[in-house]
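First the structure, in the form of C-alpha cells, and then the observations on it.
The values are calculated or read from the model by the stated rules, or taken from the named source; none is laboratory data. Only a predicted model underlies this, so the values are computations on that prediction, with no experimental measurement involved. Cβ atoms come from the backbone with ideal geometry, glycine included; neighbour counts cover every protein chain shown. Accessible surface is based on the protein model in full, side chains and every heavy atom, while ligands, DNA and RNA are left aside. Shrake-Rupley method; radii C 1.70, N 1.55, O 1.52, S 1.80 Å.
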Amino acid sequence: MDLWVRRVEAERYTSSDWLEQEREQIFSRAWIAAGPEWQLERPGDYFTFQELGESILVLRDDDGEVRAFHNVCRHRGSRLLTGCGRVDGIRCPYHGWAYRLDGSLESITKGDGFEKTLEHRRFGLREVKSTRWMGYVWVTLDDKAPPLRQTLGGIAEELEPYALHEMRPVQTFEKVYPFNWKAMLENAMDFYHVPFVHNGTINPQVSEPPDLTSYGDHTRQRLDIAAGYSWRTRLDRRCTRGGPYTPRQIGALHKYLLFPNFLINVLPYHLTVMQVFPVTAKSCRLRYAFCRRRGARGIELLRANATWAASRYILWEDIKVLESFQSGVNTGRIPIQRLHTEEAAASHFHGVINRWMND
Ligand code: FES
Ligand SMILES: [Fe+2]
C-alpha cells in the first residue's frame, strides 16, 4: 500500500461513519499518551484520562509503580475518580466498594447481601496496558499491542539527549475547536501554508523547506530557524542542558508527529506538546502543553519564554485558518483534495491511516 497518498477524500473530515472507523481501527489499538508523569510524583497521585468515550485512571501505587485502570467500579460500573489529585485508596462514590492503589478490591459494602459471596480476588479493577516514556504515561486498549518502544522506529533513541522527562509545563490548556482532529495535526507539519498564514512570523525566519523523514508510522520534520543569524546560534549554544546534542538538534526545530495524535516541537530548551482528540467528525479537543526544562534560568529561561510567546501567536494564526478550512470542507463542494509536495507529512499521515483502517 502506498504510504504517500496525493489525494484525500473530504469525507475524512466530515463523516461520522469515518470517525467511527477511526475510533475502532486506530484509537482503540494504538498507543496514546494519557497524561504527563510529573502529575504522579508520589504514591497515591492520580489523574483521569477522559477521551474517545473512555475513562482511564492513572496512578502511582504504594510501590512507586505507575498503573492504569479502567475508571469503572466492578460493582455496577460507576466512575470512581474524576480530575486529578492524591488518594490513599479508591472508594466508589456510589455504594462504597473500596480498592487499593494496586487495583485489588479491599472491601465490599455489606458483602453478605449478594446472591453468593463475591470472591475479592476476582473483582479488582481492570488494568489497562501502560508504559512510561519521555515524561508521559502511555496507554493502549489493545492487550496485544507491541511494546511502545518497538513501534517508534528509533525515535526514542534520537530523543534521548533532550531528556524530555525533565520538561515542566509553563502553560497547559484543553480546548474544543470546530475542525477535524487530523486537520490540526497536518497543519502543524504543513510547510505549504507558511508564506500565507505566517507571513509576519515564521516565514521571514525560514529559507529552506524542512526535511521530512518517516519512522514507520511516525514522521519527523526539521526546520532550520534563522540559520543566518549568528547571534541566535551563539545564544542557542548557551541553552543546551541535557545532551549531548547533534549540531542540528541545537540549531533546528524538530517536530515529531507520533501516530496517531501526539505532536511535539522540541529544542534543547523547550517542548511543545499538542495532542488532538476527535470529539465529533467536525470538532476536536486540543490538549496543549508548553514546557521548559526544570530549573531554567538566565538566557535559557528567556529563550524558552520568547519561544512560548511566539508559539502562542503562531497557534492562533493556525486556528483561524483551520476554522475556515473546515467550514469550507463542510460544504462538500470539493470532494477530493490534492496534496502538494510541501504537504508531504499529510500524504504520509493519510497513507498510514489507510493502512490502519484496512488492517
Ligand atoms: S457502583 Fe461502585 S459500589 Fe456500586
Ligand atoms: Fe501553521
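Conditions tested, residue by residue: (1) under 17 Å from LEU185 (Cα atoms); (2) outside the structural domain of THR201 (by TED's automatic domain parsing); (3) open to solvent by 50 Å² or more (accessible area, probe 1.4 Å).
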{"site": "GLU300", "(1), (2), (3)": "no, no, no"}
{"site": "ASN305", "(1), (2), (3)": "no, no, yes"}
{"site": "ARG312", "(1), (2), (3)": "yes, no, yes"}
{"site": "GLU317", "(1), (2), (3)": "yes, no, no"}
{"site": "GLU323", "(1), (2), (3)": "yes, no, yes"}
{"site": "ASN330", "(1), (2), (3)": "no, no, yes"}
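In this structure, is PHE262 over 21 Å from the mean Cα position of the chain (by Cα) and aromatic (Phe, Trp, Tyr)?
Against the criterion (over 21 Å from the mean Cα position of the chain (by Cα) and aromatic (Phe, Trp, Tyr)), PHE262 does not qualify.
What's the total number of residues in segment 132-145 that are of a type outside the set (A, V, I, L, M), closer than 17 Å to LEU40 by Cβ, touching a residue at least 40 places away in the same chain (Cβ under 8 Å) and outside any loop (DSSP other than H, G, I, E, B)?
Initially, segment 132-145 is screened for residues of a type outside the set (A, V, I, L, M), giving 132-133, 135-136, 138, 140, 142-144.
Among the residues that remain, those that are also closer than 17 Å to LEU40 by Cβ are: 132-133, 135-136, 138.
Right, trim to touching a residue at least 40 places away in the same chain (Cβ under 8 Å) and you get 132, 135-136, 138.
Cutting the leftovers down to outside any loop (DSSP other than H, G, I, E, B) gives us 132, 136, 138.
Adding up the residues that qualify gives 3.
Rundown of residues vs (1) open to solvent by 60 Å² or more (accessible area, probe 1.4 Å); (2) of a type outside the set (A, V, I, L, M); (3) more than 16 Å from ligand 2 (Cβ to nearest atom); (4) in contact (Cβ under 8 Å) with a residue 40 or more places away in the chain, yes/no style:
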{"position": "LEU59", "(1), (2), (3), (4)": "no, no, yes, yes"}
{"position": "ASP62", "(1), (2), (3), (4)": "yes, yes, yes, yes"}
{"position": "ALA68", "(1), (2), (3), (4)": "no, no, yes, yes"}
{"position": "ARG76", "(1), (2), (3), (4)": "yes, yes, yes, no"}
{"position": "ARG79", "(1), (2), (3), (4)": "yes, yes, yes, no"}
{"position": "THR82", "(1), (2), (3), (4)": "yes, yes, yes, no"}
{"position": "ARG91", "(1), (2), (3), (4)": "yes, yes, yes, no"}
{"position": "GLY96", "(1), (2), (3), (4)": "no, yes, yes, no"}
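Please verify whether GLU115 is open to solvent by 20 Å² or more (accessible area, probe 1.4 Å) and either within 12 Å of ligand 1 (Cβ to nearest atom) or more than 30 Å from SER16 (Cα to Cα) (or both), treating the condition exactly as stated. So that I can check it myself, show each step before the final result.
Numbers: open to solvent by 20 Å² or more (accessible area, probe 1.4 Å): yes; either within 12 Å of ligand 1 (Cβ to nearest atom) or more than 30 Å from SER16 (Cα to Cα) (or both): yes.
It is true that GLU115 is open to solvent by 20 Å² or more (accessible area, probe 1.4 Å) and either within 12 Å of ligand 1 (Cβ to nearest atom) or more than 30 Å from SER16 (Cα to Cα) (or both).
Report, by residue number, each residue of segment 63-99 that is in contact with an Asp or Glu (Cβ under 6 Å, 6 or more places away or on another chain) and farther than 25 Å from TYR136 by Cβ.
ALA98
What number of residues within segment 324-355 are assigned to a helix (DSSP H, G or I), of a type outside the set (A, V, I, L, M, F, W, C) and out of contact with any strand residue (DSSP E or B) (no Cβ under 7 Å at 6 or more places or on another chain)?
So the answer is 11.
Condition check ((1) in contact (Cβ under 8 Å) with a residue 40 or more places away in the chain; (2) touching a strand residue (DSSP E or B) at 6+ places or on another chain (Cβ under 8 Å); (3) not acidic (Asp, Glu)) across all residues:
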residue: THR233; (1), (2), (3): no, no, yes
residue: ARG241; (1), (2), (3): yes, yes, yes
residue: ALA281; (1), (2), (3): yes, no, yes
residue: ARG285; (1), (2), (3): yes, yes, yes
residue: TYR288; (1), (2), (3): yes, yes, yes
residue: CYS291; (1), (2), (3): yes, yes, yes
residue: LEU302; (1), (2), (3): no, no, yes
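How many residues does segment 156-188 hold that are within 16 Å of ligand 2 (Cβ to nearest atom) and either at pLDDT below 95 or hydroxyl-bearing (Ser, Thr, Tyr) (or both)?
1
Out of the residues in segment 170-197 that are closer than 15 Å to GLU342 by Cα and in a loop (DSSP other than H, G, I, E, B), state the one that is nearest to ligand 1 (Cβ to nearest atom).
Ranking the qualifying residues of segment 170-197, first place goes to MET189.
Pick from segment 198-222 the residues that are more than 14 Å from ligand 2 (Cβ to nearest atom) and assigned to a loop (DSSP other than H, G, I, E, B): which of them is farthest from PHE349 (Cα to Cα)?
Step one: list which residues in segment 198-222 are more than 14 Å from ligand 2 (Cβ to nearest atom), which gives 204, 207-208, 211-220, 222.
Among the residues that remain, those that are also assigned to a loop (DSSP other than H, G, I, E, B) are: 207-208, 216-217.
Details: SER207: 25, GLU208: 22, GLY216: 11, ASP217: 8 Å.
So the residue we want is SER207.
Can you tell me which of ARG23, ARG42 is surrounded by fewer than 17 Cβ atoms within 10 Å (Cβ to Cβ), at pLDDT 95 or above and in contact with a Leu (Cβ under 7 Å, 6 or more places away or on another chain)?
Within the list ARG23, ARG42, the selection yields ARG23.
For segment 223-298, which fully contained strands (runs of 3 or more DSSP E) count at least 2 residues that are open to solvent by 50 Å² or more (accessible area, probe 1.4 Å) and assigned by TED's automatic domain parsing to the domain that holds PRO209?
270-280, 283-293
Between ILE353, ILE336, which is surrounded by 12 or more Cβ atoms within 10 Å (Cβ to Cβ) and β-branched (Val, Ile, Thr)? Explain how you work it out, then say what you get.
Values: ILE336 fails: surrounded by 12 or more Cβ atoms within 10 Å (Cβ to Cβ).
Unique residue meeting the criteria: ILE353.
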